[in-house]
1. Check VAL103, VAL63 and return the single one that is assigned to a loop (DSSP other than H, G, I, E, B) and of a type in the set (A, V, I, L, M, F, W, C).
2. So, LEU47, is that one surrounded by fewer than 19 Cβ atoms within 10 Å (Cβ to Cβ) and either aromatic (Phe, Trp, Tyr) or under 13 Å from the mean Cα position of the chain (by Cα) (or both) or not?
3. Check SER115 against each of (1) farther than 25 Å from GLN3 by Cβ; (2) free of Cβ contacts under 8 Å to residues at least 24 places away in the same chain and name the one condition it does not meet.
4. Keeping to the stretch 1-44, report how many residues are under 11 Å from the mean Cα position of the chain (by Cα), under 14 Å from THR112 (Cβ atoms) and open to solvent by 30 Å² or more (accessible area, probe 1.4 Å).
5. Could you look through the stretch 99-112, keep only residues that are in contact (Cβ under 8 Å) with a residue 40 or more places away in the chain and hydrophobic (A, V, I, L, M, F, W, C), and pick out the one that is surrounded by the fewest Cβ atoms within 10 Å (Cβ to Cβ)?
6. Restricting the search to the stretch 62-98, which residues are surrounded by fewer than 15 Cβ atoms within 10 Å (Cβ to Cβ) and of a type in the set (A, V, I, L, M)?
7. Considering each residue of the stretch 12-47, count those that are in a strand (DSSP E or B) and more than 23 Å from ASP61 (Cα to Cα), and give that number.
Amino acid sequence: QVQLVESGGGLVQPGGSLRLSCAASVSIFSVYAMAWYRQAPGKQRELVATITGGGITNYADSVKGRFTISRDNAKKTVYLQMNSLKPEDTAVYYCNANVGLIVTWGQGTQVTVSS
């Protein structure tokens, strides 16, 4: 069973950067497709970015050109580099792992963009 632990959230000013990390406790990490989601107060959880085991990425239109998802299969970790942050990026960010019908969520990490 996969366990995911996110880290790297915090408070940042508009225009700033943060890097989120998600460490997976699993024997073979490379088979998992990984994703980052976020949920702002009063809103539904939304997909931010995905990355396949082979490194193919996809992004929500709202973060294209500002966020970068990457993974290190040796370290069993997925990252989300967030640049040019905006107040509307404020949310709890969740890591997601899936293979076949198995979907696992992390506990979430708060990102607050405010001056």
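1. Sole residue among the options that is assigned to a loop (DSSP other than H, G, I, E, B) and of a type in the set (A, V, I, L, M, F, W, C): VAL63.
2. Against the criterion (surrounded by fewer than 19 Cβ atoms within 10 Å (Cβ to Cβ) and either aromatic (Phe, Trp, Tyr) or under 13 Å from the mean Cα position of the chain (by Cα) (or both)), LEU47 qualifies.
3. (2)
4. Qualifying residue count, the stretch 1-44: 2.
5. Within the stretch 99-112, the match that is surrounded by the fewest Cβ atoms within 10 Å (Cβ to Cβ) is ILE102.
6. Hit for the stretch 62-98 is ALA74, nothing else.
7. Selection size over the stretch 12-47: 3.
The values are calculated or read from the model by the stated rules, or taken from the named source; none is laboratory data. What you see is a predicted model, and the numbers here were worked out from it, not measured in a lab. When we count neighbours, we look across all protein chains shown, and the Cβ atoms used for this are built from the backbone with ideal geometry, even at glycine. Each accessible area value is taken on the protein alone, full model and side chains, heavy atoms only, with ligands, DNA and RNA left out. Shrake-Rupley method; radii C 1.70, N 1.55, O 1.52, S 1.80 Å.
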